[in-house]
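The next block holds one structure in the form of structure tokens; read it before the comments.
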Amino acid sequence: MAKPFIAGNWKMNTDAAGAAALASGLANELAGIGSVDVAVCPPFVYLQAVATAIAGSQIKMGAQDIYFEDKGAFTGEISCGMLKDVCCSYVIVGHSERRHVLGETDELINRKLTAAITGGLQPILCVGELLEQREAAQTDAVVAGQVKKGLAGVTPEQMQVVTVAYEPVWAIGTGKTATSQQAQEVHAMIRRLLAELYDESIAGKTRIQYGGSAKPANTAELMANPDVDGLLVGGASLKVADFATMIKTVA
Ligand code: PGA
């Protein structure tokens, strides 16, 4: 199995002091834990401060979004080069809030993912169905479509830096976690799809995170599934004790 990867998505939370405190608190708590890859994804404006707070620790940093152009007249957008400049290693693309609140399309998400890879960042591609899609038995079709469109044009070599995060939209921030079995079923489907799109070896090595109300109490059960390689954590990543407990559980 691939090395577990736990990432915290802080979304539009924290302030300058809180972001630095959260990052340095985690760095202290996690000192010496090397068996899990850990990343935190703060808001853009706190990336620099968080980079300073985690310097020298094994915690890596990701951004929550990226724009696909290198530079120019794109008011409000942030390029791959800028993210690398402030020490980001990862970037989340296609989070459900960007798809459903901000209206991002699969095509835009694919351009962002491609820009991240070619610019040297490791993207976390988020996919997941809405509640009505699950109830209409469309989960596999929706998720498979998002994976295929998100990864369009991505080469086998480039897949080495890609993480896929399955986040059922109805489980995000709602306190409703997918059952361990629901998560495993979709993760296994994604892995089969990656084997079709690439090959078994790439499918086996690609890390597939689960996200959606992951917390200390359900970490062990979710991670016990053969196709759950990590977690993308929202709310519970905002508390040092909770996020550290989750990482220690996996370690
Ligand atoms: P949640 O968010 O853990 O607060 O449900 C997960 C996510 O959106 O990545």
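Picking from ALA203, ALA241, ALA214, which residue would you name as being more than 16 Å from the ligand (Cβ to nearest atom) and either free of Cβ contacts under 8 Å to residues at least 40 places away in the same chain or surrounded by fewer than 20 Cβ atoms within 10 Å (Cβ to Cβ) (or both)?
None of the others qualify; the one that does is ALA203.
So which helices (runs of 4 or more DSSP H) are wholly in segment 89-200 and hold at least 1 residues that are in contact with a helix residue (DSSP H, G or I) (Cβ under 7 Å, 6 or more places away or on another chain), within 18 Å of ALA2 (Cα to Cα) and within 16 Å of the ligand (Cβ to nearest atom)? Lay out the reasoning, then the answer.
Values: elements: 96-100, 106-119, 131-135, 139-150, 180-197.
Counting at least 1 such residues, we get 180-197.
Please pick out the residue among GLN138, GLN146, GLN160 that is more than 17 Å from the chain's Cα centre (by Cα) and either in contact (Cβ under 8 Å) with a residue 12 or more places away in the chain or closer than 29 Å to ASP199 by Cβ (or both). Spell out the reasoning first.
Numbers: GLN146 fails: more than 17 Å from the chain's Cα centre (by Cα); GLN160 fails: more than 17 Å from the chain's Cα centre (by Cα).
Selected residue: GLN138, the only one of GLN138, GLN146, GLN160 that is more than 17 Å from the chain's Cα centre (by Cα) and either in contact (Cβ under 8 Å) with a residue 12 or more places away in the chain or closer than 29 Å to ASP199 by Cβ (or both).
If ASN9 meets every condition in (1) without any contact (Cβ under 8 Å) to a residue 12 or more places away in the chain; (2) surrounded by 16 or more Cβ atoms within 10 Å (Cβ to Cβ) apart from one, which number is that one?
The single condition ASN9 does not satisfy is (1).
Quick check: anything in segment 73-84 part of a helix (DSSP H, G or I) and within 16 Å of the ligand (Cβ to nearest atom)?
Checking segment 73-84: not a single residue is part of a helix (DSSP H, G or I) and within 16 Å of the ligand (Cβ to nearest atom).
Counting only residues that are β-branched (Val, Ile, Thr) and outside any helix (DSSP H, G or I), which one in segment 217-238 is nearest to the ligand (Cβ to nearest atom)?
VAL233
With respect to THR114, is the statement that it is surrounded by 17 or more Cβ atoms within 10 Å (Cβ to Cβ) and modelled with pLDDT of 95 or more true?
Here the answer is yes, as THR114 does meet what is asked.
Is it true that some residue in segment 63-70 is more than 17 Å from GLY230 (Cβ to Cβ), small (Gly, Ala, Ser), part of a strand (DSSP E or B) and out of contact with any Asp or Glu (no Cβ under 7 Å at 6 or more places or on another chain)?
Taking every residue of segment 63-70 in turn, at least one turns out to be more than 17 Å from GLY230 (Cβ to Cβ), small (Gly, Ala, Ser), part of a strand (DSSP E or B) and out of contact with any Asp or Glu (no Cβ under 7 Å at 6 or more places or on another chain).
The values are calculated or read from the model by the stated rules, or taken from the named source; none is laboratory data. This is a predicted model, so every value here is computed, not measured. Heads up, the Cβs are rebuilt from the backbone with ideal geometry, glycines too, and the neighbour counts pull from every protein chain shown.
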